[in-house]
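Bear in mind these aren't lab numbers, they're just calculated from the coordinates by the rules spelled out. None of the values given here were measured: they were computed from a predicted structure. Here the Cβ is made from the backbone with ideal geometry for all residues, glycine too, and neighbour counts use every protein chain on show.
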Amino acid sequence: MSIFRSYRTKEKVSVGLMWGINLATLLYVMIEYPNLPDIIPHHYGFFGEPDEWGGKWMLWIMTGVQIFISAVEHAALHKAIKDSERTGFSDMTGRDALSSMGPVVAGGIGWITFAGTYWGRLGKGFLIVFLGATAAVIIYVCVKARSNAGQIAGEAKKLEKSTCESGGYAVETGDLTFQGKIAVWMWAVLLFINGAMLVAAATEAEQGEIVFMAITLILIDIFLVPMYFRNRILLKDKEMVIFFGLFKKRIAYENIILLKETHNPLSSLAMSLDRIYIYTLSGDNVMVSVKDKKGFMQEVYRRKRLQ
């Protein structure tokens, strides 16, 4: 049976809506591009009014980014559905998040492209509506995750057993550290951000803007750079401690329901899409990424059974 038959109705509607928005945006740009002025708005203030202008070629980049993000989300959703079919695990947290955010992100970027060129502004309520829709998706996913905690716990026992029996990871005692996995493209993202900000600062004529951009870059690097060098998980006797940049998170083994491999691209304490989804009784789920994924999962389950 084709994996597409395993899509739930709301996932089919969501994916269809997302790609419909992408197609409409692409057609609009293709049709209207010759008629647009050479200079169009590039940036907008809090109330949707343009405050920076530039060449209309930027529309192709915006549309490309919109389609790329949608493709990544659709690929991740497809992988999550395949994993559900393969393992029989019925948790829909990742699938709900991916399918819900797809149309929101595509619609937000598409509106910027359309409204910014058709009316020359986004509208005063754009930012509030977009952030509100994003918050609604997050709340919906969190509520669904908590309501399904009991069902997940029952199915987790079967997957935990199969994971523990699948290999013979050496038994360790005491504290054990697993280094975080960092994808090559994450290094490229860091270099791109710094390079783009430095080039932009070098081309600015106003000293005030240069100072502002320099401060912004410093703040961004203070937040991002530690994620590349303080990225590990410490397994202690009673709990795991996740060190991720400026963040530190503790999870007791007795609170863990399941560890599940995933490629969910949503925000997490991970620097790679090769991730492990940690489900907890409290619903405070988190995704991590480690180099020795198989060994990490087996060791966590071993320590969990000792509690």
Going by alpha carbons, how many degrees (0 to 90, nearest 10) lie between the helix axis of 9-32 and the longest principal axis of the chain?
-> 30 degrees
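Taking DSSP loops as anything outside H, G, I, E and B, show the longest stretch in the chain free of GluC sites (Glu not before Pro) there with at most 11 other beta carbons within 10 Å. Intermediate results must be reported in sequence, preceding the final value.
On the way: sites that count: GLU165, GLU206.
Value returned for the longest uninterrupted segment is 1-164.
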With ALA183 itself left out, Lys, Arg at +1 and Asp, Glu at -1 over residues whose Cβ is under 11 Å from its Cβ give +1
Interchain or long-range residues, amide H under 5 Å from TYR44's placed H = ASP51
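Go through LYS10/LYS181; LYS12/LYS181; LYS56/LYS82; LYS238/LYS260 and tell me which ones have a Cα-Cα distance over 31 Å in this structure.
On the way: LYS10/LYS181 33 Å; LYS12/LYS181 33 Å; LYS56/LYS82 40 Å; LYS238/LYS260 20 Å.
Result: LYS10/LYS181; LYS12/LYS181; LYS56/LYS82 exceed 31 Å.
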Of ALA252, ALA135, ALA196, the most mobile residue in a GNM of the chain (C-alpha springs, cutoff 10 Å) is ALA196
Which residue fluctuates the most in the chain, going by a Gaussian network model with Cα springs under 10 Å, if the choices are PRO34, PRO103, PRO265?
-> PRO34
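Of the chymotrypsin sites (Phe, Trp or Tyr not before Pro) in the stretch 28-128, which ones lie in a loop per DSSP and count no more than 11 other C-beta atoms within 10 Å? Could the numbers behind the result be given before it?
Details: sites: TYR28, TYR44, PHE46, PHE47, TRP53, TRP57, TRP60, PHE68, PHE89, TRP111, PHE114, TYR118, TRP119, PHE126; in loops: PHE46, PHE47, TRP57, PHE89, TRP119.
Those that pass, being in a loop and sparsely packed, are PHE46, TRP57, TRP119.
Under 8 Å for C-alpha pairs, at least 6 residues apart: give me the relative contact order for the stretch 3-147, rounded to a whole percent.
Values: 155 pairs, mean separation 46.7, N = 145.
Across the stretch 3-147, relative contact order equals 32 percent.
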When P(r) over Cα pairs in 20 Å bins from 0, in percent is calculated directly from the model, which label among (i) 35, 60, 5; (ii) 35, 57, 8; (iii) 27, 53, 20, 1 fits?
-> (iii)
Unit charges at the beta carbon, dipole of the chain: most positive-side option, ALA202, GLY123, TYR140 | TYR140
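Relative contact order (percent) for the chain, with alpha-carbon contacts under 8 angstrom and 6 or more residues of separation? Before the final figure, lay out each step's value.
Details: 408 pairs, mean separation 50.5, N = 307.
Over the chain, the number comes to 16 percent.
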Would you give the gap between the C-alpha center of the stretch 230-286 and the C-alpha center of the stretch 2-22, rounded to a whole Å?
-> 29 Å
Helix-only [θ] at 222 nm, the chain, -39500 (n - 2.57) per DSSP H run of 4+, per residue, nearest 500, equals -19500 deg cm²/dmol
Scan around ILE257 for amide H atoms under 5 Å from its own, H built in the peptide plane at 1.01 Å from N, and keep only partners 5 or more places away or cross-chain.
-> TYR279, THR280, LEU281
Distance (nanometres) between label positions extended 7 Å along Cα→Cβ at ALA200 and ALA71 = 2.4 nm
